[in-house]
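Below is one structure, written out as structure tokens; the observations come after it.
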Amino acid sequence: MGMIGGSLDGFIGSVHRMAAALDGTIELVCGAFSSNAKRSIETGNALDLPEDRIYVSFEEMIAKEAQLPADLRMQFVSIVTPNHLHAQPAALALKHGFHVLCEKPLAFSFEEAKKIGEHVKRTGLLFGVTHTYTGYPMVKEAKDLIAKGKLGKIRKVIVEYPQGWLSDPIENDGQKQASWRTNPAQAGISCCVGDIGTHAENLVEYITDLKITELSADVSSVVAGRTLDDDANVLLRFNNGAKGILIASQIANGEENELKIRVYGEHGGLKWLQSEPNTLIVKQNDQPTQLRRAGANHSYLSEHARLHCRIPAGHPEGYIEAMANLYRNFAASIHAFENKTSSNPLLDYPTIEDGIRGMQFIETVIASGKENAAWKQL
């Protein structure tokens, strides 16, 4: 793979590189790691890349990689830049015949996302979006339980993603991660909803296989002087008649990344927390509560869950492993694509459609918030 963004002074690039390397199926062969040429070269050198595979712009990287023999050039590009720098490199990579794996949210705007979708459709190439939380084994188990009807018809969904790291205006002190996320010129129309609300939306629709059809959103910029949102409370209606609540907040002081989801059906319910990712809690009125645990040796788990466990139960697998599952699955899909064979449908990953859906969700939530929580169709 090649990487766009992800210099050494950033956060998410190193996480992606660790995840991509975990299973030994992906090799980082080139990169344009920063718009600052010096920083890109420093990063490439630190990663021991050959000098001629360290590029000072994504345009140079894509053009030169396309000229290399097929057995030498990158097969896909991983885009880990801020939101406003997703669409152009994605479109250029697709144009030159490269598959793309992109950080979320997919683009700067819904319109931009739809254009990327058109490029994907026109080229027929693979496109993934790193909604990392779908890679956890017990998220796969929850999806399988619901798909098999173990909970019955879904009635109620509650998903929360509280963080506290933006409780203070740290963007004013030059904190890099806060600075671009709170800047409309780089993040788009949303901070909180775009950054973590889309994770919650994607997790709900992935686990339940339902679609949000309408929503009503109370959106706030709580910290004085902050232009974009840092808190959102959203009522949801689903295509099967179920109702839901989505909470996303970056001013929940003291919280880290406390993503959690609860799903309730006619016959039972389940709960999963990212802070305890190896456990899925399954409940029914007339039975004791079950704690289902991740582990490659647990034969009672679904095949979908077991395929995403690496080690026996009792050895924790976490965020890096979940992202690594997306990279491994994407690599398997590329292998199947290039060898014209069928890929295992259980080795799944979020697709271009999920990315477009996320951008539509952001736009709809922000529009509802501007109209005093008016109900909007999604």
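The values are calculated or read from the model by the stated rules, or taken from the named source; none is laboratory data. For clarity, every value in this text was computed on a predicted model and none was experimentally measured. Methodologically, a virtual Cβ is constructed for each residue, glycine included, from the backbone with ideal geometry; neighbour enumeration extends over all protein chains shown.
Let's see how each residue does on (1) within 30 Å of Asn329 (Cβ to Cβ); (2) in contact with a Ser or Thr (Cβ under 8 Å, 6 or more places away or on another chain):
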{"site": "Glu214", "(1), (2)": "no, no"}
{"site": "Leu228", "(1), (2)": "no, yes"}
{"site": "Glu258", "(1), (2)": "yes, yes"}
{"site": "Pro288", "(1), (2)": "no, no"}
{"site": "Ala296", "(1), (2)": "yes, no"}
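For the range 151-168, the criterion of being of a type in the set (Val, Ile, Thr), buried (at least 22 other Cβ atoms within 10 Å of the Cβ), touching a Pro at 6+ places or on another chain (Cβ under 6 Å) and closer than 30 Å to Lys283 by Cβ is met by none of the residues. All conditions but one from (1) assigned to a strand (DSSP E or B); (2) within 28 Å of Glu321 (Cα to Cα); (3) over 23 Å from the mean Cα position of the chain (by Cα) apply to Asn297; the one that does not is (1).
Hey, any hits in the range 236-250 for a residue that's crowded, with 18+ Cβ neighbours inside 10 Å, within 19 Å of Pro137 (Cβ to Cβ) and touching a Pro at 6+ places or on another chain (Cβ under 7 Å)? No: zero hits. Hey, could you check the range 20-41 for residues that are more than 22 Å from Ala66 (Cα to Cα) and in contact with a Ser or Thr (Cβ under 8 Å, 6 or more places away or on another chain) and say which is surrounded by the most Cβ atoms within 10 Å (Cβ to Cβ)? Ranking the qualifying residues of the range 20-41, first place goes to Arg39.
Residues that are in contact with a helix residue (DSSP H, G or I) (Cβ under 6 Å, 6 or more places away or on another chain) and part of a loop (DSSP other than H, G, I, E, B) within the range 302-341 comprise Ser302, His308, Cys309, listed in sequence order. Are any of the residues in the range 74-94 at positive phi and surrounded by fewer than 23 Cβ atoms within 10 Å (Cβ to Cβ)? Scanning the range 74-94, I find no residue that is at positive phi and surrounded by fewer than 23 Cβ atoms within 10 Å (Cβ to Cβ), so the answer is no.
When Gly31, Gly5 are screened for being closer than 24 Å to Met323 by Cα, of a type in the set (Gly, Ala, Ser) and in contact (Cβ under 8 Å) with a residue 60 or more places away in the chain, only Gly5 passes. Among the residues of the range 343-359, those that are part of a loop (DSSP other than H, G, I, E, B) and either over 23 Å from Arg122 (Cβ atoms) or acidic (Asp, Glu) (or both) comprise Asn344, Pro345, Leu346, Leu347, Asp348. All of Glu160, Glu205 fail the test of being assigned to a strand (DSSP E or B), touching a residue at least 24 places away in the same chain (Cβ under 8 Å) and in contact with an Asp or Glu (Cβ under 9 Å, 6 or more places away or on another chain), apart from Glu160. Taking the criterion of being buried (at least 21 other Cβ atoms within 10 Å of the Cβ) and not aromatic (Phe, Trp, Tyr), the residues of the range 340-353 that qualify are Asp348, Pro350, Ile352. The listed residues are His131, His84, and the only one of them that is modelled with pLDDT under 95, under 17 Å from the mean Cα position of the chain (by Cα), within 25 Å of Asn257 (Cα to Cα) and not charged (D, E, K, R) turns out to be His84.
The set of residues in the range 61-91 that are touching a strand residue (DSSP E or B) at 6+ places or on another chain (Cβ under 7 Å) and either more than 22 Å from His131 (Cβ to Cβ) or not assigned by TED's automatic domain parsing to the domain that holds Cys102 (or both) comprises Met61, Glu65, Met74. Kindly establish whether Arg155 is assigned by TED's automatic domain parsing to the domain that holds Asn233 and over 14 Å from Trp272 (Cβ atoms). It is true that Arg155 is assigned by TED's automatic domain parsing to the domain that holds Asn233 and over 14 Å from Trp272 (Cβ atoms). Within the range 253-278, restricting attention to residues that are among the acidic types (Asp, Glu) and surrounded by fewer than 17 Cβ atoms within 10 Å (Cβ to Cβ), the residue that is nearest to the chain's Cα centre (by Cα) is Glu258.
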